[in-house]
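First up is the structure itself, then whatever we jot down about it.
The values are calculated or read from the model by the stated rules, or taken from the named source; none is laboratory data. Computed from a predicted model, the values in this text were never measured in an experiment. Quick reminder, even Gly has a Cβ in these numbers, built from the backbone with ideal geometry, and neighbours come from all protein chains shown. Just so you know, the surface numbers come from the protein's heavy atoms only, side chains and all, with ligands and any DNA or RNA stripped out. Shrake-Rupley method; radii C 1.70, N 1.55, O 1.52, S 1.80 Å.
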Amino acid sequence: MSGWFPVRGRRTAALVVAIAAAAAPVAPAVAQSYSVSVDGSPLYLSPGPIERGGRVFVPLRGIFERLGAGVVYHTGTINATKGNTNVSLRIGSTQATINNQPQYLDVAPFIVGSTTYVPLRFVAQSLGAVVGYDGQSRNVSIDMRGEPAPPPPRPMPPPPAPAPLPALYLSGQQPPPGASVQNRQPVVAAQFSQRVHAGTVRVTIDDVDVSNWTNRTQSGFSMTPRNPLQQGRHTVRVTGTDVHGRGFDRTWWFATTAPANSPVRLRNEQPAPGARVTNRRPQISANFTFPVNAGSVRVVIDVTDVTGWTQKSQTNFSMTPQNPLALGSHTVHVTGRDLNGSPFEREWSFTSIESGPAPVPGKPPLAVTAPLPNQGVTLAFAVKGTTVAHARIKVAIGAQAGGNGNFSGSGVAGAAGNFNVAATISPFAGQQTAIVTVTATNPATGHSTEKQVTVRLAQPR
C-alpha cells in the first residue's frame, strides 16, 4: 500500500488545545498494526501508527525529531526545519508547503485524543528520506541515505496548560424537558451556556430539520412549528459548533396531549344563521357564551382570513368586510381558546342575494356573478352564479337573446345554490358581442328563471 505515514506528538494538553481550536471535527481513524524502521532500526511509537483515507499516519514530534528536524507549533500550524529545508503543515488542512512552495496532501493532519498525527510518507520524503513499504510484514522503512541522524534538539518547556473549558449545555428549554403541553404549535426554544457560531446551529424535531425557520443567535434559538405537532412524545435535537471550534450535540423531549374541548359557543350571530341578506357588506359579529382569550380568536370568511381587521374581546367579535361579498352562500369560521387554554371551533352560514322585488313564488332566485355586463371575455370562460340548491342550469350563448349559435351547455347547482358552467364559444366572422342567457329551473316546482348578460368578445390576434 502506498500512502502517507503518521507522526506522533507529545501528550501536551496546551498543544492539543491550541491545535484543536483551529481544527474542524474529523471522523475517527482506523487503527492498524504497522511497524516503522529508520535506517534499519525499529522506531517505537506509542500510540502506534494508524490509517486514514488509505494513508498511514504517525504521532507528530517523535518522527520529526527522529529524522533530525526541529518542530515548532503556533496557532495550529506545524513548522519543521532540517538544514535548509522547512516543512509547514496545518491541522485540518490538505495544503502544505516545502520551502514556501505549495504542496497538497490527500488527507489532512488531525488530532485523536491528545495525540497529533501527520502523514508519514510526506514528512519523510520532504526531509530527504526514501520511504518503502512491505505489504506482507506491514513494515514502513525509512532510509536517510546514510546521513547520520542528528541528536534531537532540546525540547522547549511546554507552556502551562490552560484550565479546560466546560462543556456546552442548554438552559431555559421551552417546552421544559419531560413536560406535557396541550398547545400543538408551542414555541420551541433554549439558551446556550456558551457562545456558538449561529450559522452552524441545526435544529430538528423528530428528525425533521426545522433550521430554516428557526431564529438562531450566539446565545440561543427559538422557533414555532409551521404545522400542528402530532399528539405524543417529541424529541428536539440541537447540534453545532461553539466559538472555540468544539462541536456539540444536545437533545431533550416533551409531549403534546389532546386539550379538553372548550364549552364556548356562539350566540346572537349577525347575519343570522341561514339568513338571506341584500347588503353585500354586512356587519359580521357574534357573542361568546364563555370568556375567551381575545388574542387567540381567528375569523375566516369562506377562505379569507379577516382576523386582521376584526375587533375582538373576551365576550364577542365584530367586523365589516372591506370589499363587497360575492352573491351566494358564505361561511363564517371562528376558532380560538378559552381562558383555560382549551380550543374551540365554531361556524355558521348566510347567503348574499341581489336587492330587488320579492321573487315570484315557485320561481327560483337567480344571480349571474360572472361574466359581468359588457365584460370582455376570451373564447373560453366560466358562467357562474347562485340560485336554489340543486337547480338545473342551462347556458346558451349567441348573437341573439336566447340563441345558442356560439355555445350551449348545462349543469346543476350545488347544495348552496352555487353553479359554474365552462363555456367555449366559436364566434361568427365579424361578431363583436354575444348574449349569455342563463336559465335556472327549480327541481321542486319545475318553475324557471332566466337572466341575460351581454359581453364583448376579444378579437383574435
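Annotations
- Note on the stretch 181-192: among residues that are at pLDDT below 95 and over 21 Å from the mean Cα position of the chain (by Cα), the one that is least open to solvent (accessible area, probe 1.4 Å) is Val181.
- Every pair of residues 6+ apart whose Cβ atoms lie under 7 Å, when the first sits in the stretch 98-112 and is without any contact (Cβ under 8 Å) to a residue 12 or more places away in the chain while the second is of a type in the set (S, T, N, Q): Pro102/Gln95; Tyr104/Thr94; Tyr104/Gln95
- When each of Gly178, Gly232, Gly245, Gly172 is tested for being surrounded by 13 or more Cβ atoms within 10 Å (Cβ to Cβ) and at positive phi, the lone residue that passes is Gly245.
- Of the residues Gly341, Gly385, the single one that is more than 18 Å from Gly274 (Cα to Cα) and surrounded by 20 or more Cβ atoms within 10 Å (Cβ to Cβ) is Gly385.
- Matching residues, the stretch 417-448, being within 50 Å of the chain's Cα centre (by Cα), modelled with pLDDT under 90 and surrounded by 14 or more Cβ atoms within 10 Å (Cβ to Cβ): Gly417, Ile425
- Of the residues contained in the stretch 302-312, none is found to be open to solvent by less than 30 Å² (accessible area, probe 1.4 Å), in a strand (DSSP E or B) and of a type in the set (A, V, I, L, M, F, W, C).
- Residue in the stretch 28-35 that is crowded, with 18+ Cβ neighbours inside 10 Å, modelled with pLDDT of 50 or more and assigned to a strand (DSSP E or B) present: no
- Scanning the stretch 173-227 for residues that are in contact with a strand residue (DSSP E or B) (Cβ under 8 Å, 6 or more places away or on another chain), outside any strand (DSSP E or B) and under 20 Å from Ser296 (Cα atoms) yields Pro175, Gln182, Asn183, Arg184, Pro186, Val187, Thr224, Pro225.
- Candidate set: the stretch 96-144, residues that are surrounded by 14 or more Cβ atoms within 10 Å (Cβ to Cβ) and aromatic (Phe, Trp, Tyr); chosen: the one farthest from Gly62 (Cα to Cα): Tyr133
- One residue from Val412, Val453, Val395, Val383 being in contact with a Leu (Cβ under 8 Å, 6 or more places away or on another chain), at pLDDT 90 or above and of a type in the set (A, V, I, L, M): Val453
- Residue selected from the stretch 67-95 under the condition surrounded by 15 or more Cβ atoms within 10 Å (Cβ to Cβ) and not in a strand (DSSP E or B), by the criterion modelled with the lowest pLDDT: Gly76
- Residue pairs meeting the criteria (Cβ under 8 Å; at least 6 apart or on separate chains; first at pLDDT 50 or above, in the stretch 132-154; second among the aromatic types (Phe, Trp, Tyr) and exposed (fewer than 13 other Cβ atoms within 10 Å of the Cβ)): none
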